[in-house]
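Here's the structure, in C-alpha cells; my notes come after.
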Amino acid sequence: MKNLKTIDKIKNSLYPILTFLFILVIWQSAVKIYEIPQYVLPSPSEIIQVFFKDYQNLYTHTIVTLNEAVVGFIVAIILSISIGILMDFIPLFKKCVYPIMLVSQTIPTITIAPLLIIWFGFDSLPKIIMVTLTCFFPILISFVDGIENIDKDYLNLFKTMNSNKLKTFIHLKFPMSLDKLFSGLKISATYAVVAATVAEWLGGTKGLGVYMVRSKSAYALDKVFASTILVVIFSLVFVAIVQAIKKVVLRHKN
C-alpha cells in the first residue's frame, strides 16, 4: 500500500512539472520564431544565463534580501505570539487593540514603505519593519483564532481540576492552538521575501528589489525575470521550512 501511495504521489507531482516544462518549451520557441527582442520578452535560456553571468551581483543582493526577510519574519513571530498571549490573559487589551489592528490591515503596503524609508533611512531597518508589519497580522489572527476555538469541554475539565490561567494556557491552549498558528506562519512565510523586495523596490541601496529596479531601468528584463525567480524560490523555501518544523513540533506534541 505504501508503495502504491508513493507511486501516486510521484505521478501527481509529474503533472505540474511536465506542464511547466511544456510552457517553457512554448515560450522558448515563440521568442525564437517571432524574434521577440530581449527587452520585450527574454527567452527562458537567456534568463538562465543570467544566473551564471551575473552570479556575483545576484548573490550579493540576495543575501541582503534574505537577511531582511528572516529577521523581519522572526520579529513578527515573537510579536504575534506575545500579543496573542496578552490578548488571552487580558480581555480588555484585546478589546482595545484588536479592532485597530484589523483596520490597520486596510492600509496599502505600498504607502507604508516610503514612510518607513523617510523615517528610518535607506538601510535594512525599514525593510525589516516592513516584513514584520506584513507577516505579523496573519500569524496573530491564526494564533488568536486557535486559542478561541478550543473545545469548551477541555476548558471545563481544566476548571474542575482548579487549573489557573497560566497552567491552562501552557498545557491546553498553546498546544491546541499550534495547528492554527502554523497555518498563519505558512501564509506569512510566503509574504516575507516579497515584502522585503517591495520595500527595496521603493527605496534602498542593496537587495533584490534594488536589483530589479536597476535592471528594469536598463531594459534588462532577463535580469528582472531572474531576480523574480529567486523571490519565488526563496518564498517556497520559507514555506517548506515552516512545514517541516510543523511536522516535527506536532509529532512531538502528539
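Could you tell me which residue of the stretch 13-71 is surrounded by the most Cβ atoms within 10 Å (Cβ to Cβ), considering only residues that are in contact (Cβ under 8 Å) with a residue 24 or more places away in the chain and among the polar types (S, T, N, Q)? The extreme case among them is T65.
Assess whether L79 counts as being surrounded by fewer than 19 Cβ atoms within 10 Å (Cβ to Cβ) and at pLDDT 90 or above. In short, yes. Of the helices (runs of 4 or more DSSP H) lying entirely inside the stretch 145-254, those containing at least 2 residues that are hydrophobic (A, V, I, L, M, F, W, C) span 152-160, 174-202, 208-217, 221-253. So M87 passes all but one of these: (1) under 27 Å from G203 (Cβ atoms); (2) crowded, with 19+ Cβ neighbours inside 10 Å; (3) touching a helix residue (DSSP H, G or I) at 6+ places or on another chain (Cβ under 6 Å). Which condition number does it fail? Only one criterion in (1) under 27 Å from G203 (Cβ atoms); (2) crowded, with 19+ Cβ neighbours inside 10 Å; (3) touching a helix residue (DSSP H, G or I) at 6+ places or on another chain (Cβ under 6 Å) is unmet by M87, namely (1).
From the list K127, K167, the lone residue that is in contact with a helix residue (DSSP H, G or I) (Cβ under 9 Å, 6 or more places away or on another chain) and under 30 Å from V210 (Cα atoms) is K127. Of the residues in the stretch 222-244, at least one is under 19 Å from the mean Cα position of the chain (by Cα) and either over 23 Å from I63 (Cβ atoms) or not assigned by TED's automatic domain parsing to the domain that holds I117 (or both). On inspection, I110 qualifies as part of a helix (DSSP H, G or I) and modelled with pLDDT under 90. When L140, L115 are checked against the criterion of being without any contact (Cβ under 8 Å) to a residue 24 or more places away in the chain and either in the same structural domain as S177 (by TED's automatic domain parsing) or not in a helix (DSSP H, G or I) (or both), L115 stands alone in meeting it.
Here is the figure for the stretch 143-185: residues that are more than 28 Å from A76 (Cβ to Cβ) and either outside the structural domain of I74 (by TED's automatic domain parsing) or among the basic types (K, R) (or both) total 2.
The values are calculated or read from the model by the stated rules, or taken from the named source; none is laboratory data. Only a predicted model underlies this, so the values are computations on that prediction, with no experimental measurement involved. With ideal geometry, Cβ positions are generated from the backbone for all residues, glycine too; neighbour counts draw on all protein chains shown.
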